[in-house]
Every structure is written in structure tokens, then in C-alpha cells.
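Novice: First the structure, then my questions, so here it is.
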């Protein structure tokens with residue numbers, strides 16, 4: 001059995017306390033940091049703080065292009081709308097959404113692929129007409145954002161809503177036209193009515209979009225069997241219009257010529273009328289003068305008239321006067337005439 005004795009008397013010296021380890025020398029900023037935080041960790045924290053500060057500063061400014069409108073909100077509430085320029089916002093509190101306000105276009109009834117080729121979109125363009133015929137009619141619609149706030153917050157898919165409105169307006173308009181009018185002369189009227197109905201629907205729904213224009217690109221029967229017949233009818237109508245225009249042109253050319261010719265004929269007739277009237281009046285005056293001479297000496301006047309008539313009828317005949325019982329001939333000729341004039345007419 002072992003017995004340990006512990007002596008704590010004045011004769012035993014006390015044990016010296018352990019000597020503390022020598023601390024490393026620290027200067028400046030590092031003296032204030034706890035000895036257990038490494039210097040690399042502090043450097044990383046400072047880098048993160050610098051990045052955060054830089055992010056906050058860079059996020060405080062934003063730029064808006066000329067073809068955009070920026071909508072600024074704070075806690076989900078609209079604060080303002082900014083056009084082109086450089087602006088400041090409160091970091092982390094204000095949110096900015098930019099909206100393109102340029103004019104966009106989309107096809108209704110057809111689409112265009114990346115190669116620029118068009119293709120039909122199902123039965124999107126098939127409409128029914130007032131005469132219960134089907135027609136495949138394609139439209140091109142141009143639109144733009146008119147109210148950026150309503151565009152962002154009044155609906156989730158404003159473009160889709162716009163297209164559905166356009167389809168409804170087109171169907172309600174085409175049904176009022178016959179298939180012939182929709183294919184030929186009624187296109188402009190259809191465009192006007194569709195645009196008006198679509199603008200009224202957009203004003204009522206207020207989705208922030210505005211229709212600039214909508215035009216008919218193509219209209220034809222939906223089946224290939226009757227496409228040729230419709231084209232033949234359209235060609236015949238065009239031929240009819242051409243014939244009518246040519247006839248009107250010929251009419252416009254001939255009527256003035258005929259009127260001028262008629263005026264010429266009337267003027268000639270009037271001139272002949274006046275000439276004949278003057279000639280008749282002269283003959284009447286001559287006859288009256290002759291009659292006055294006849295009353296003075298009827299026999300001599302009758303003989304003179306007989307000779308004058310005979311001379312006018314037979315200008316080259318020879319007149320022989322006889323008393324009826326003798327054969328004495330009396331040629332009534334001028335003795336001063338030349339021999340050529342006394343020759344008989346060989347005829």
C-alpha cells in the first residue's frame with residue numbers, strides 16, 4: 001500500500017504560473033480585428049461590398065431610346081413614363097420596363113417564314129359570305145403601342161387579344177358581302193369597315209394598342225376546283241369594263257364629228273335654199289317682165305319666145321323659113337359668120 005503525502009507548508013516553494021505566449025505584433029487597422037479573422041476573408045468582404053455599391057450605382061441610371069417608352073413603378077404602382085433620354089431611379093425600390101412603340105405588322109390568314117416565303121395558317125382566313133359561299137381572304141395589319149401602361153398591366157397577351165379582335169371584326173364584315181364583291185370590287189369597303197370596328201373594340205377594351213392600317217392581301221375561293229371559274233368571271237368582268245370604256249371612247253370621238261358634219265350639211269342646205277329662192281325670185285321677175293311685153297304684142301312675143309327656146313334646145317341647128325307653097329329656103333344665119341361656123345355638126 002502506497003501512501004502519498006502532500007506538503008503545503010512554508011518549507012515547500014509555490015509552483016510558478018505558466019508564462020503566456022508572445023502575441024504577434026499588429027499595427028493599424030489589423031490591431032482592432034479579432035485575432036481569429038484571417039486577412040483574406042476581410043479582403044473578400046470588402047470586394048463584395050465594392051461590387052454591391054457599384055451595382056447599386058449603375059442600377060440607379062437607365063437610358064431610353066427614341067423608339068421606346070419606359071414605365072417606372074414602385075411597389076407595383078405606376079410612378080411615371082419616360083421617353084428618350086437618360087434618367088435616375090431609386091435602386092431596389094423602383095422598377096423600369098421598356099416598351100417598343102414602333103409600328104409592327106402581322107398577317108391574318110397567312111404567315112411568313114424565315115426565308116421570306118408565305119404559307120397559309122390553317123383555316124384562319126376562311127370566311128363565309130352573305131350568299132353562303134366560302135372565301136379564303138388574307139389581311140395584313142399594322143399596329144403600335146399607344147398606351148404603354150395599359151399595354152403592360154391591362155392584359156397578359158395584348159397581341160393575341162388584338163388578333164382575336166381583328167378576326168371577329170373581319171368575320172362580322174365579310175358576312176355582309178357576296179363572294180363576287182369580296183373578291184373584286186368590295187375589298188376597299190371591307191378594309192374600311194374592319195378598321196372601324198377594330199378601333200371601336202380596342203377603345204372599349206383598352207389594352208394599350210392602336211391599329212394603324214389593315215389591308216386585304218388576297219381573296220379567292222378556298223377550293224382549287226372553282227378558282228378557275230372565279231378567275232374566268234373576273235376576267236369577263238374586266239373584259240366587259242374594257243369594252244364599255246372603248247365604246248364610250250368611240251362615242252366621245254364620233255359624236256362631235258357627227259355633230260360637225262350635221263352642222264355642215266345644214267349650212268349647205270341653207271345656202272342652197274337661199275340660192276334657189278333667189279333664182280326663183282329672179283325667174284318670177286323675168287317672167288313678169290316678159291308678160292308685160294306679151295300683153296303689148298302677143299304674136300311677136302310668142303315668136304321671140306319660140307326662137308329663143310329653139311336656140312337653147314338646138315344651139316347648132318339651122319332654121320329654114322318657108323310660106324308652105326314655095327320651095328324658097330330662108331336660112332336664118334348671120335352672113336358675117338366665118339366658114340367654120342357654117343359647117344354642120346358632124347354628129
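Novice: Take peptides 126-134, 251-259 and line them up by average Cβ neighbours within 10 Å, highest first, as a rough protection proxy.
Specialist: So the peptides 126-134, 251-259, ranked by packing, come out 126-134, 251-259.
Novice: Rounded to the nearest Å, what's the spacing between the alpha carbon centres of the stretch 103-168 and the stretch 217-293? Just the number, please.
Specialist: Cα centres, the stretch 103-168 to the stretch 217-293: 55 Å.
Here, each number is a calculation from the coordinates, and none is a lab measurement. What you are looking at is a predicted structure, and each value in this text was computed from that prediction instead of being measured. Glycine also receives a Cβ, built like all others from the backbone with ideal geometry; neighbour counts cover every protein chain displayed.
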